[in-house]
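Report on the following structure.
Each reported figure results from applying straightforward, stated rules to the coordinates on display, with no laboratory input. In this text, all values refer to a predicted model and were calculated from it rather than measured experimentally. Cβ atoms come from the backbone with ideal geometry, glycine included; neighbour counts cover every protein chain shown.
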Amino acid sequence: MNSGGRIVELFELTAHELKDLLNNKKASAVEITQSVLDRIQNVEEKVGSYITVCKDEALNRAKAVQEKIDKGESISLLGGIPMALKDNICTEGVKTTCASNMLNNFIPPYNATVAKKLYEADTVLVGKLNLDEFAMGGSTENSYFKKTCNPWDLERVPGGSSGGSAACVAAGEAVFALGSDTGGSIRQPASFCGVVGLKPTYGSISRYGLVAFASSLDQIGPLTKDVTDCALVMNAICGHDPMDSTSINSGYPDFTKALINDVKGMKIGIPKEYLHGEGLNSEVKNAVINAVEVLKKLGAECEEFSLPITEYAIPAYYIISSAEASSNLARYDGVKYGYRAEKFTDLLDLYKQSRSEGFGTEVKRRIMLGTYALSSGYYDAYYKKALQVRTLIKNGFDEAFSKYDLVLGPTAPSTAYKIGEKIDDPLEMYLGDIFTVSVNIAGLPGLVVPCGFDSNKLPIGLQLIGKPLDESTLIRVGYTFEQNTEYHKLRAKI
Amino acid sequence: MKITRETIEHVAQLARLNLTEAEIVKLTSEMGNIISYVDKLNELDTSDIQPTAHVMPLKNVFRDDEVKESFDREKLLANAPSKENGCVKVPKVVE
């Protein structure tokens, strides 16, 4: 494909652009997958997005899809598109490690519902992506296996915990990826790597087969090169699932119908605490203010309002998520699956020794924090208190949505930081989640789209927060912003 | 709430973790910092506020009790760290 005198490689394109090439017989599914595999061959050593690459399986699958196309069978809009999954999403027969020594050799006997849906849509699984161990962290440095580097600057983190998912899409090592978001784990890496990331409404994507971290907060979502691809992936993965008791049983819209370049009359609220709070990097702030100006010029009505509970979101989040994690991770006992210590004295010591050797530092820290918050004498002071604050946070958003169609703000206080810069200070790392955790606490959808670059040429992401099940409004505003800016067209040069 | 060495040792026991001396020292300090930050929540009066465990109005989800195909035993045992005669093998638990 030719663009401005330069040959554009297949791996650089979006899913909808590749679909056009497939339809017009200008590229085959095998050529597309081969292009992505070649790209992995060329840059993976530098980026480190993948824990597992399924080269042969991917080529076989691409061949099978191409045969369908050749026979004139209809395939879905994502048919033949190479994609990758965060390694906490179970894939039958393909190792799923959660980036933990605990699940080093775990091969799931079943597919997560999202994996099943993507296979049924004839997408091509290229591999499984790096993350912070059990999705706990904001830099992907907590992986047992490897560091992932930010494709825009290899000395910097890609964000986390879905750092592998964001880096691989930014580097062209997959056309799209799925991540999971418990406190910002899709949106913050999307912001750091300059890609589009959506954390959907709690309950709209099945969590069946997602290795549990904090069950009342976890949600799977897409990381893509643009908003159109985001809508296409959402159409493929959302919906009610009887295998997830928290799955919402309602009709889901066709999200591509929301790809409308128009925000006239849209009411957008910007929390003062997000824009003028301490610790927000001035370049990030300016990029967000510029984005607001773009939307205003296009006819949106934007105003600032107060969301006073913001500063309590992080302490509430770390109590709730760690409490749920300590309970969820109790299942890793070295008995039925996962890591078992070689030396132990009795059954109790088998549990303790296997857990102590199988879990990494951050996971142990969260298990300890959660166990403490749930322990006798502290339950009311910490866990119950955090759940009451959760009510206040939810009420704050309910009130905002009585006035606004959506809420807008930054995604993270800064752009991508240097590898190793924050790893020794867990509390400082936690504070980076200030703008993202409230969305999980309240179960809302949050979309991140690229909105600028700082002076180091590092991407900045704009966060749009919507009413429950109103992803369509986010997609519409994100799409309009994208159609009127160029940020999403820039690719990391590796 | 003050986090002491004894607190860490007690919680580690509850969480089924064997911590090294270095881990105990580090966690005592780190958890102390995190907990004193979390104590910020006490600035808010929540005496009349209902706790929200879950954002959705969750109800029990019932289904008919039907026999369906289940997992293959060998496939599930493939992930067991130790097995014998189609069972997961564990150390002796009764004398």
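Table for the structure above
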item: Directionally averaged projected area (convex hull, Cα atoms, region A:153-250), nm²; result: 6.1 nm²
item: Charge-dipole axis of chain A as Lys and Arg at +1 and Asp and Glu at -1 on Cβ define it, positive-most pick from A:Gly338, A:Ala212, A:Ile69; result: A:Ile69
item: Dimensionless Rg/Rh of region A:102-226 - Kirkwood Rh, Rg from C-alpha atoms; result: 0.94
item: Computed over region A:330-480: relative contact order in percent, which uses C-alpha pairs under 8 Å that are six or more apart; result: 17 percent
item: Separation of alpha-carbon centers, region B:1-58 and region A:240-285, rounded to whole Å; result: 31 Å
item: ³J(HN,Hα) computed for each position of region A:88-102 - Karplus, 6.51 cos²θ - 1.76 cosθ + 1.60, integer Hz, glycine/proline x; result: 10, 10, 5, 10, 4, x, 10, 2, 10, 9, 6, 6, 10, 4, 4
item: Simple Cβ-charge dipole of region A:202-338, Lys/Arg +1 and Asp/Glu -1, about Cα centre, in debye nearest 20; result: 200 debye
item: Ascending count of other beta-carbon atoms within 10 Å, so fewest first, for A:Asp56, A:Asp226, B:Asp65, A:Asp333; result: B:Asp65, A:Asp56, A:Asp333, A:Asp226
item: Region A:38-165: Cα Rg divided by the 2.2 N^0.38 Å rule of thumb; result: 1.10
item: Sequence-separation-based contact order of chain B, relative, with Cα cut under 8 Å and 6+ spacing, percent; result: 20 percent
item: Between region A:469-494 and region A:316-374, the Cα center-to-center distance that results, in Å; result: 40 Å
item: Built amide H within the under 5 Å cut-off of A:Cys302, gap 5+; result: A:Ile268
item: Local electrostatic count, A:Glu44, Cβ distance below 14 Å [Lys/Arg +1, Asp/Glu -1]; result: +3
item: Base-10 log of normalised Debye intensity for region A:222-296 (one unit scatterer per alpha-carbon) at q = 0.23 Å⁻¹; result: -1.05
item: Value of Rg to Rh for region A:414-494 (Rh from inverse mean 1/r over Cα pairs, i.e. Kirkwood); result: 1.03
item: Furthest towards positive pole of dipole, B:Pro81, B:Thr20, B:Tyr37, structure part chain B, Cβ charges; result: B:Pro81
item: In region A:185-301, lysine pairs closer than 17 Å at Cα, eight or more apart or cross-chain; result: 7
item: Point-charge dipole on Cβ atoms (K/R +1, D/E -1) for the protein assembly as shown, about Cα centre, debye to 20; result: 580 debye
item: Theoretical ellipticity at 222 nm over chain A - DSSP helices of four or more residues, -39500 (n - 2.57) apiece, nearest 500; result: -11500 deg cm²/dmol
item: DSSP loop GluC sites (Glu not before Pro) with at most 13 other Cβ within 10 Å: longest gap in chain A; result: A:343-485
item: Among the listed pairs A:Lys418/A:Lys489; A:Lys55/A:Lys336; A:Lys95/A:Lys352; A:Lys128/A:Lys418; A:Lys26/A:Lys63; A:Lys46/A:Lys493, those beyond 19 Å (Cα-Cα); result: A:Lys418/A:Lys489; A:Lys55/A:Lys336; A:Lys95/A:Lys352; A:Lys128/A:Lys418
item: Cα-projected label distance for A:Glu57 with A:Glu73, points at 7 Å along beta-carbon direction, nm; result: 2.0 nm
item: Chain A, Rg to Rh (Cα coordinates; Rh as Kirkwood inverse mean 1/r); result: 0.95
item: Reduced Cα scattering model of region A:339-494, Debye log10 I(q)/I(0), q = 0.20 Å⁻¹; result: -1.26
item: Estimated distance in nm for a label pair at B:Glu21 and A:Glu303, the labels positioned 7 Å out from Cα along Cα-to-Cβ; result: 6.4 nm
item: Residues with amide H under 5 Å from that of A:Val124, placed H, sequence gap 5 or more; result: A:Gly80, A:Ile81, A:Met83
item: Net charge over other residues, Cβ less than 13 angstrom from the Cβ of A:Gly299 (K, R count +1; D, E count -1); result: +1
item: Backbone HN-Hα couplings from phi across region A:194-201 [Karplus 6.51/-1.76/1.60, Hz, Gly and Pro as x]; result: x, 10, 8, x, 10, 9, x, 3
item: Set of aspartates and glutamates near B:Lys26 by C-alpha distance (under 14 Å), chain-local residues within fewer than 8 positions excluded; result: A:Glu362, A:Asp424, A:Asp425, B:Glu6, B:Glu9
item: Local electrostatic count, A:Ala316, Cβ distance below 9 Å [Lys/Arg +1, Asp/Glu -1]; result: +2
item: Relative contact order (%) - criterion: Cα under 8 Å, at least six apart; region: chain A; result: 17 percent
item: Region A:324-364 - Debye-derived log10 I(q)/I(0), Cα point model, q = 0.14, 0.30, 0.34, 0.35 Å⁻¹; result: -0.28, -1.09, -1.23, -1.26
